[in-house]
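**Student:** Please read through the structure below; I'll follow up with questions.
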Amino acid sequence: MSNINLVLGENIRRFRKKMKMTQEELADKIGVSFQAVSKWENAQSAPDISLLPLLAEVFNCRIDDLFLHTVR
């Protein structure tokens with residue numbers, strides 16, 4: 001997978017944990033399976049572009065924030 005998918009997956013995981021949500025809780029909020037969330041977080045796939053606004057809303061961030069590379 002591309003570097004952008006790695007960054008996106010890391011950020012989804014980081015935001016989800018910051019919100020104290022499980023993969024299943026996030027999946028329920030956006031209408032996907034928890035397996036899909038797991039695949040995103042492990043950079044095995046990426047969310048459909050139509051889900052990005054919803055993810056940003058759930059995480060209370062901008063869509064751009066989902067793609068920013070952060071140094072830990």
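**Student:** What do you reckon, how do ARG16, ARG62 stack up by accessible area (1.4 Å probe), largest on top?
**Tutor:** Values: ARG16 20, ARG62 135 Å².
Descending accessible area places them as ARG62, ARG16.
**Student:** What's the carbon and sulfur percent of the chain's accessible surface, probe 1.4 angstrom, rounded to a whole number?
**Tutor:** Carbon and sulfur together cover 52 percent of it.
**Student:** ³J(HN,Hα) across the range 50-57 via Karplus (A = 6.51, B = -1.76, C = 1.60, θ = phi - 60°), whole Hz, x for Gly/Pro?
**Tutor:** 5, 8, 4, x, 5, 4, 4, 5
**Student:** How large is the Kirkwood hydrodynamic radius of the chain, in angstrom, based on all distinct alpha carbon pairs?
**Tutor:** Kirkwood hydrodynamic radius for the chain: 11.9 Å.
**Student:** Tell me the relative contact order for the range 1-46 as a rounded percent, counting alpha carbon contacts under 8 Å between residues six or more apart.
**Tutor:** 51 percent
**Student:** Using 0.36 nm per residue, how much length does the chain from SER50 to LYS20 gain when fully extended, once their Cα-Cα distance is taken away?
**Tutor:** 8.4 nm is the gain from fully extending SER50 to LYS20.
**Student:** Can you work out the accessible area per residue across the chain, with the rest of the protein chains kept in place, probe 1.4 Å, in square angstrom?
**Tutor:** On a per-residue basis, 64 Å².
**Student:** Treating the beta-carbon of each Lys and Arg as +1 and of each Asp and Glu as -1, no other charges, what is the dipole magnitude of the chain about its Cα centre, to the nearest 20 debye?
**Tutor:** That gives the chain a dipole magnitude of about 300 debye.
**Student:** Put ILE12, ILE4 in order of accessible area, largest first, 1.4 Å probe: what do you get?
**Tutor:** Values: ILE12 0, ILE4 80 Å².
So the residues, ranked largest to smallest area, are ILE4, ILE12.
**Student:** Pull up the cross-link candidates among the aspartates and glutamates for LYS17, meaning alpha carbon to alpha carbon under 17 Å and not fewer than 8 places away within one chain.
**Tutor:** GLU25, ASP28, GLU41, GLU57, ASP65
The values are calculated or read from the model by the stated rules, or taken from the named source; none is laboratory data. Note that the structure is predicted; figures quoted are calculated from it, not measured. Reconstructed Cβ throughout: ideal geometry from the backbone, glycine too, with neighbour counts over all protein chains shown. In case anyone asks, the SASA skips ligands and DNA or RNA and just uses the protein heavy atoms, side chains included. Shrake-Rupley method; radii C 1.70, N 1.55, O 1.52, S 1.80 Å.
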